[in-house]
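Trainee: So that we are looking at the same thing, I have put the structure below in structure tokens.
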Amino acid sequence: MTEVLRPDLCVLGGGIAGLAAATAAAALGAKVVVVEKRVLGSLGPTTAAQAFCAAAADVSRAARLGAAPRADLGRLRARLREIEARHALEIAPPRLAAMNIEIVHAPGTFVGPTRLEAGGFAIDARHFVIATGAAPAFPAIAGLDLIRPADPQELLTSETLPKRLLLIGANFDELALAQALLRFGSRVALFAPGRILPDEDDELIVPVLRRLAAEGLAIHENTEILRIEPQRAGACIVLGPNATSVEGSHVMVAATPQACVEGFGLKAARVAYGSAGIDTDAEGKTGNPRIRAIGGVAHAPASAMTARHQGERVALVLFGGPSDVAPPIARVLETDPEMAVVGLSEAAARAQHKSIRVLRAPFAENDRAQAAFGPEGHVKIVTDSRGLILGAGIVGPQARELIGIFSLAIAKRATAADFEAIASSSPALTQACRTAALASAPQLGKAGLRSRLIR
Ligand SMILES: Cc1cc2nc3c(=O)[nH]c(=O)nc-3n(C[C@H](O)[C@H](O)[C@H](O)COP(=O)(O)OP(=O)(O)OC[C@H]3O[C@@H](n4cnc5c(N)ncnc54)[C@H](O)[C@@H]3O)c2cc1C
């Protein structure tokens, strides 16, 4: 006879979002079952990629100070293995069991709006969270099926780095990896059918692209790839319109996430979905009041941290009592300089509000930036006409850390005037946020940043 499990929460998919939801719910006292058909936390930690990029940044910083550092890739790889081993311990089944999380290692399928079946169990949970993720989809390019594109994880862990990487398309993660490889001595060429990251604010993204170009990234925007041809060692990309060939030792293709929505009974569960994913509101609610969806399957951007935030958030909403509306999640481009944005961009704010203010402060006028990092970059803040913070963007040192101030400001409905409370006895980068917030609009200095001319 089929055993029936009756947990508070059943999570379908033990990837990044699902495990975050499960552990956060268990910490709030819920009895949790996770159904996972493959390996828990299957895509692995992105911390390894960050450690790789951070090491490359250290090498470059030391070189700028006049040292002649040599990257010890062997030691770096050993550190990456340590990070992965620690992550594996964090999600080891005995640890999860001790947290009151039961793992069912099998594919799960909804057989009705309130029941899921997996591995011989019927699961009637008080709440279900679908976190089945997204699979990588590659662009249709002639000849792509004749080669084996390099996988980012493989590049991080293989014994030798690519001599010349040909990168087709570029999202945030690929750009950061490209810069790290350049700094470790690889040559990298980037090919994009249109502009690179066309949805980002030029003011913020152009300084990053300029730096990458200055460090040797060969950028081919608005390029048509006619075909890829395998070669004895590596491959060659043939570009239109004149069939120009570019050779490389490795080819990497930026994938688009394709939501995993088929094959586990969404129709039986009465959950509406399309090819782009499950339809949800900001809190992951689906059309079925018992079922929420988070992460890659629910239109989330391809970001492990976003998936984790959504997992923790859904647990809080289900088991933590009433809470404020979901705070905005900052997006970070982990290049050097870093770029980070949160809330509304200037363009989105203009479309939604009758009148806005745009405030800026350059790091060139910040003592801490000058002393420790250099003068490049700036802070940009968008407010409504009364000074309420709507969005912010930073390009420059520690952007990923500084942007948290603006996430908090937006979530707590702070105004630009509230930034007066940022005060420290030593020069600090946070002062640049304060200076921008307290600046009187409009400011000059934007014109030079507008051009996307990066060569
Ligand atoms: C190719 C690729 C590269 C990426 N690189 C990065 C990166 O470098 N940095 C970054 O921040 N983000 C990256 N991302 C995005 C990041 O991996 C995702 O945002 C994140 O994994 C989403 O988490 P998730 O839990 O929704 O999905 P996943 O982590 O993919 O987990 C989904 C889980 O559900 C399981 N599952 C699916 N169906 C069933 C079923 N019926 N029964 C049981 N189990 C099931 C799967 O086996 C899987 O373990 C990448 C994404 C892709 C596709």
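Trainee: Which ³J(HN,Hα) values, rounded to whole Hz and listed in residue order, are derived for segment 22-39 from phi using the Karplus coefficients 6.51, -1.76 and 1.60 in 6.51 cos²θ - 1.76 cosθ + 1.60 with θ = phi - 60°, glycine and proline given as x?
Mentor: 5, 5, 5, 5, 5, 5, 8, x, 7, 8, 10, 10, 10, 9, 9, 8, 10, 9
Trainee: Could you please report the charge total around residue 343, scoring K, R as +1 and D, E as -1 over all other residues with beta-carbon less than 13 angstrom from its beta-carbon?
Mentor: +1
Trainee: Further, regarding this structure: Which order do the peptides 99-106, 72-79, 166-173 come out in when sorted by mean C-beta neighbours inside 10 angstrom, highest first?
Mentor: The most tightly packed comes first, giving 166-173, 99-106, 72-79.
Trainee: Mind checking which lysines have their Cα closer than 25 Å to the Cα of residue 31? Skip sequence neighbours fewer than 8 apart in that chain.
Mentor: 285
Trainee: Amide H of residue 188 versus every other amide H placed in the peptide plane: which residues, excluding those fewer than 5 positions away on the same chain, fall under 5 Å?
Mentor: 165, 218
Trainee: Would you mind classifying the chain by shape? Square roots of the alpha carbon gyration tensor eigenvalues, ordered a ≥ b ≥ c; an a/c under 1.5 is rounded, otherwise it is prolate if a/b is larger than b/c and oblate if not.
Mentor: The shape class here is oblate.
Trainee: Sequence gap at least 6, Cα distance under 8 Å: using those rules, report the relative contact order of the chain to the nearest whole percent.
Mentor: So the answer I get is 16 percent.
Trainee: Fully extended, how many nm does the chain gain between residue 417 and residue 95 (0.36 nm per residue separation, minus their Cα-Cα distance)?
Mentor: Stretched fully, the residue 417-residue 95 segment lengthens by 111.3 nm.
Trainee: Using DSSP to define loop residues, name the trypsin sites (Lys or Arg not before Pro) in segment 258-334 whose beta-carbon has at most 13 other beta-carbon atoms within 10 Å.
Mentor: Filter output for segment 258-334: 267.
Trainee: If each residue of separation counts as 0.36 nm, what is the full-extension length gain between residue 62 and residue 39 once their alpha-carbon separation is subtracted?
Mentor: Full extension from residue 62 to residue 39 adds 4.3 nm.
Trainee: Can you sort 1, 305 from fewest to most other Cβ atoms within 10 Å of each residue's own Cβ?
Mentor: By the 10 Å Cβ count, ascending: 1, 305.
Trainee: Going by how many other beta carbons lie within 10 Å of each one, how would you line up 183, 95, fewest first?
Mentor: 95, 183
Trainee: If you take every DSSP beta bridge whose two residues both sit in the chain, what share of them, in percent to the nearest 5, is antiparallel?
Mentor: Antiparallel: roughly 60 percent of the beta bridges in the chain.
Trainee: For the chain, what does the helix formula give at 222 nm: sum of -39500 (n - 2.57) over DSSP H segments with n ≥ 4, over the residue count, nearest 500 deg cm²/dmol?
Mentor: It lands at -9500 deg cm²/dmol.
Trainee: For segment 7-82 and segment 286-312, what is the separation of their C-alpha centers, rounded to whole Å?
Mentor: Segment 7-82 and segment 286-312 have Cα centres spaced 18 Å from each other.
Computed from the coordinates by the stated procedures, all read-outs in this text should not be read as laboratory data. All figures in this text were calculated on a predicted structure; none of them were measured in a lab. Positions of Cβ are generated from backbone atoms using ideal geometry, with glycine treated the same way; all protein chains shown enter the neighbour counts.
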